[in-house]
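Reviewing the structure listed below.
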Amino acid sequence: MIKLTKRQEEILQIVKEEGPISGKEIADKLSLKRATLRPDLAILTMAGNLEARTKVGYSYKESANETTYKNIAEQLVSDYKSHPVVVRNSSSVYDAIVQIFLKDVGAIYVVNDEGHLVGVISRKDLLRASMGTQDLREIPVNVIMTRMPNIITIRQEETLHAAAKKMIEHHIDSLPVVLEINEENHTYKVVGRITKTTIAKAYMELSKSHTV
Ligand code: ADP
């Protein structure tokens with residue numbers, strides 16, 4: 001990476017906003033002579049920041065980093081979601097622990113008789129419940145779960161960027177992917193899940209072509 005001069009930064013900004021644009025037009029915008037700009041344009045083109053095409057002018061070339069970042073950020077939840085693991089709200093804490101091991105997940109979602117999302121149980125919730133002396137077969141999951149309307153959800157048409165932001169802001173490891181049935185009543189159907197691992201995998205997959 002070369003360190004750009006202030007003028008080179010200005011040129012990049014102009015081309016980013018208005019490209020393709022001719023050398024003469026860039027010069028006019030900066031109130032400079034075309035000849036004065038020639039070395040800067042040559043440097044920016046050689047460094048790969050600009051692309052020069054005869055009769056078309058200069059266009060901005062995104063760096064590999066920018067492309068990778070955009071690719072990841074713009075991916076849709078629908079293309080990356082995995083299967084949700086759900087239990088009924090009448091299930092016991094013991095059942096929930098068994099499901100966590102069988103399905104190899106970090107959290108499970110609790111649904112009511114209509115199949116609507118009513119709770120989330122994570123590993124820490126189960127550990128907390130296990131610290132008591134009560135028989136875990138006797139405690140229903142709805143006693144220990146995080147319940148609606150406190151569940152942070154994501155919709156299929158949202159981006160992985162939005163999912164990552166929600167998980168970081170709320171200090172949680174996963175999000176249920178939901179279909180809205182009735183938003184006012186907080187009625188949702190669970191159709192998938194997105195975890196921090198989903199984001200890490202998408203990052204690895206999409207940056208493969210740019211890694212050495
Ligand atoms: P862990 O228990 O393994 O640290 P999390 O960080 O995901 O897993 O969970 C921390 C707490 O946040 C738990 O009490 C859990 O019930 C709750 N939680 C997990 N996911 C969500 C979510 N999507 N919305 C609201 N609360 C959640």
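The values are calculated or read from the model by the stated rules, or taken from the named source; none is laboratory data. Worth saying up front: this structure is predicted, and the values here are computed from it rather than measured. Methodologically, a virtual Cβ is constructed for each residue, glycine included, from the backbone with ideal geometry; neighbour enumeration extends over all protein chains shown. Calculation scope for accessible area: heavy atoms of the full protein, side chains included, ligands and nucleic acids excluded. Shrake-Rupley method; radii C 1.70, N 1.55, O 1.52, S 1.80 Å.
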Being touching a strand residue (DSSP E or B) at 6+ places or on another chain (Cβ under 9 Å), more than 22 Å from LYS189 (Cα to Cα) and not assigned by TED's automatic domain parsing to the domain that holds VAL190 narrows it down to one of ILE139, ILE97, so name that one. ILE139
Matching residues, segment 156-167, being open to solvent by 50 Å² or more (accessible area, probe 1.4 Å) and more than 11 Å from the ligand (Cβ to nearest atom): GLU157, HIS161, LYS165
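Considering only segment 170-192, state which residues are outside any strand (DSSP E or B), away from the ligand (no atom under 11 Å from the Cβ) and without any contact (Cβ under 8 Å) to a residue 24 or more places away in the chain.
Answer for segment 170-192, where residues must be outside any strand (DSSP E or B), away from the ligand (no atom under 11 Å from the Cβ) and without any contact (Cβ under 8 Å) to a residue 24 or more places away in the chain: GLU183, GLU184, ASN185.
Of the residues in segment 30-74, how many are hydrophobic (A, V, I, L, M, F, W, C) and more than 11 Å from ILE11 (Cα to Cα)? Write out each step before concluding.
Of the residues in segment 30-74, the ones hydrophobic (A, V, I, L, M, F, W, C) are 30, 32, 35, 37, 41-44, 46-47, 50, 52, 56, 64, 72-73.
Filter again for more than 11 Å from ILE11 (Cα to Cα), leaving 32, 35, 42-43, 46-47, 52, 56, 64, 72-73.
Qualifying residue count for the region: 11.
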If I ask for residues that are more than 9 Å from the ligand (Cβ to nearest atom), crowded, with 16+ Cβ neighbours inside 10 Å and in a loop (DSSP other than H, G, I, E, B), which ones from segment 139-155 would you list? ILE139, MET148
Hey, GLY48 hits all of (1) open to solvent by 70 Å² or more (accessible area, probe 1.4 Å); (2) more than 27 Å from ILE152 (Cα to Cα) but one; which does it fall short on? (1)
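Table: residues versus (1) of a type in the set (Asp, Glu); (2) modelled with pLDDT under 95.
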| site | (1), (2) |
| --- | --- |
| TYR94 | no, no |
| ILE100 | no, no |
| VAL110 | no, no |
| ASP113 | yes, yes |
| ASN142 | no, yes |
| GLU157 | yes, no |
| ILE172 | no, no |
| ARG193 | no, no |
